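The values are calculated or read from the model by the stated rules, or taken from the named source; none is laboratory data. It should be emphasised that the depicted structure is a prediction, and the values quoted were computed from it without experimental measurement. As a convention, Cβ positions derive from the backbone with ideal geometry for all residues, glycine included, and neighbour counts pool all protein chains shown.
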Amino acid sequence: MVVRSNERTSMVGGGFYNKNSSLQALVAESCGGLVSLADIHGKSVTLADYGCSEGSNSSRMIRKAIDACPEDCAITIVFNDTPANDYNSLSSTIDRALRGPDSKSTRRFFSLMAPQSYYEQVVPNEFVDIGFSTASLHWISRLQPASGNLLPSDADVSAEVLADVLRFLRPRYNEVRTGGHLLLSFPVDGELNLKCAYPSIFQCLKDLAEDGIISQEAASKFRLPFHFRTPEEINQALVAVKGEWQVVEHFNRDVAHPAFLEFQSSFASSSSGTPDPAALDAYSKTISGGFVAIIGNTVVDTARLFQDKTSTVAGHSAETIRSKMVEKLQQRLRRSDFWKTPLGNKYVFLKLRKI
C-alpha cells in the first residue's frame, strides 16, 4: 500500500499562486475582519498565519487585522507553511505589502518564517495572540492514491478529517496565549461548490497521459488532495476541544468565485443565450490557473510516484507538467458546460478563544 503525505506539499510558487487565488483572497479578508480592538492587549501583538503560501492573501488578511491595532503597536507576524513552500516569493510579497511605498501604516512590523508542518508546534508556548488559517484546513494530510474515484472515498477520510482538525488545534493550544484567538475558515460541502470543474480536471489528466506528459498510471491514480467537510464534521471537532477553545463566532457564508461573477455579468448582457467566446475563454483560463495553483504540485508528485521509466514521461520537468496542465485544463473547461453552474464555496468561519 502506498501512502502519500501532503504535509510537505505546497502551492505552486514563483508568484503563480499569488496571481491565481482570488477566491481565497476574499475569504482571507473576511477572516482578517474578525479581529477587533478588544482582541489587542498592550503595545505589542503577535499574529500567526498557518498555511500562508506565497503571502498575497496572507498580507491582505493581516492588513485587515492590523486596522484594529493601535498606531503605536509593534506587530510580530509569523508566516507558517510547509518546508516546500516558496519562501523567496513569500519574503518579497510581504515586504512589498507591509513595507512598500503603498503601505501607509506607521506601525512597526517584525516578520518571522516557520517552515514546518502545522500539525506540529511551530512557535514557543504562549507566543501567539491571534492565529489564522483560511485556505488550507480542507487538505487531507495523508491519502492513498487509488484508481477510479474523483474524490477519496468516505472510508478513506472519515476518521482522517476529524483527526486532522484535532492535530491542527492541539499544537495551537500550546502556542496561543490564554485569552488569545484563532480565526479559521473551512470550505464545506454546500450547494455553491467547485465540483462542476472536477470532470474537466480528470479529463485533462488523461489528455496529459495521451500526450506522454505523465504516465497513464499517474492519470488514473491521482486523487484530489482535499475534502470539503460537512458542518456536522466541524461541530464534531469543536465538541472534542470544548475544554480548550470557546467558540466566540461561528457562521456560514457563500463566497462566489470573482471570475464567475465577472463571467455571469457578461453573460447576463448577452441576448443570444450563449456565452461570449472571449468571456468564456477568460473565465476558463482563470479557473484553470486557479486549480493548477492549488493541485499542480500534487499532480507533479503523483507523476513522479507513478512515472513510466521506459518512456519520455520520466524526463518532463515540474514546470512542463504544470504549464501543460494549465493549457489542457483550459481547453477542457472551454469545451464543457461548467459555466452553467455557479462556482465558489460555502465557508464556515470560526473565531475561537483559548480558555
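Here are a few things to note about the model shown:
- Residues in segment 1-31 that are small (Gly, Ala, Ser), modelled with pLDDT under 90 and not in a loop (DSSP other than H, G, I, E, B): SER5 only.
- Residues (within 15 Å of SER10 (Cα to Cα) and either assigned to a loop (DSSP other than H, G, I, E, B) or of a type in the set (Phe, Trp, Tyr) (or both)) located in segment 64-114: PHE79, THR82, PRO83, ALA84, ASN85, ASP86, TYR87
- When ALA209 is tested against (1) among the small types (Gly, Ala, Ser); (2) in contact with a Lys or Arg (Cβ under 9 Å, 6 or more places away or on another chain); (3) buried (at least 16 other Cβ atoms within 10 Å of the Cβ), just one condition goes unmet, and that condition is (2).
- Matching residues, segment 133-185, being polar (S, T, N, Q) and at pLDDT below 85: SER141, GLN144, SER147, ASN149, SER153, SER158
- Test: ASP39 is touching a His at 6+ places or on another chain (Cβ under 8 Å) and within 21 Å of TYR347 (Cβ to Cβ): yes
- Count of segment 195-206 residues which are surrounded by fewer than 20 Cβ atoms within 10 Å (Cβ to Cβ) and out of contact with any Lys or Arg (no Cβ under 6 Å at 6 or more places or on another chain): 6
- LEU238 surrounded by fewer than 22 Cβ atoms within 10 Å (Cβ to Cβ) and farther than 23 Å from GLY290 by Cβ: yes
- Filter result for PRO231 (touching a Ser or Thr at 6+ places or on another chain (Cβ under 7 Å) and more than 24 Å from GLY315 (Cα to Cα)): no
- The condition of being farther than 21 Å from VAL161 by Cβ and free of Cβ contacts under 8 Å to residues at least 24 places away in the same chain holds for only one of GLU232, GLU249, GLU217, GLU262, that being GLU262.
- From LEU192, LEU183, LEU169, residue being more than 16 Å from GLY51 (Cα to Cα) and surrounded by 15 or more Cβ atoms within 10 Å (Cβ to Cβ): LEU192
- Selected residue (only one of PRO83, PRO70 is touching a Pro at 6+ places or on another chain (Cβ under 7 Å) and not hydroxyl-bearing (Ser, Thr, Tyr)): PRO83
- Residue within segment 266-281 that is out of contact with any strand residue (DSSP E or B) (no Cβ under 8 Å at 6 or more places or on another chain) and of a type in the set (Phe, Trp, Tyr) present: yes
- The set of residues in segment 221-260 that are touching a helix residue (DSSP H, G or I) at 6+ places or on another chain (Cβ under 8 Å), modelled with pLDDT of 90 or more and part of a helix (DSSP H, G or I) comprises ILE234, GLN236, ALA237, ALA240, PRO258, ALA259, PHE260.
- Members of segment 32-60 found to be hydroxyl-bearing (Ser, Thr, Tyr), crowded, with 24+ Cβ neighbours inside 10 Å and outside any helix (DSSP H, G or I), listed by number: TYR50, SER53
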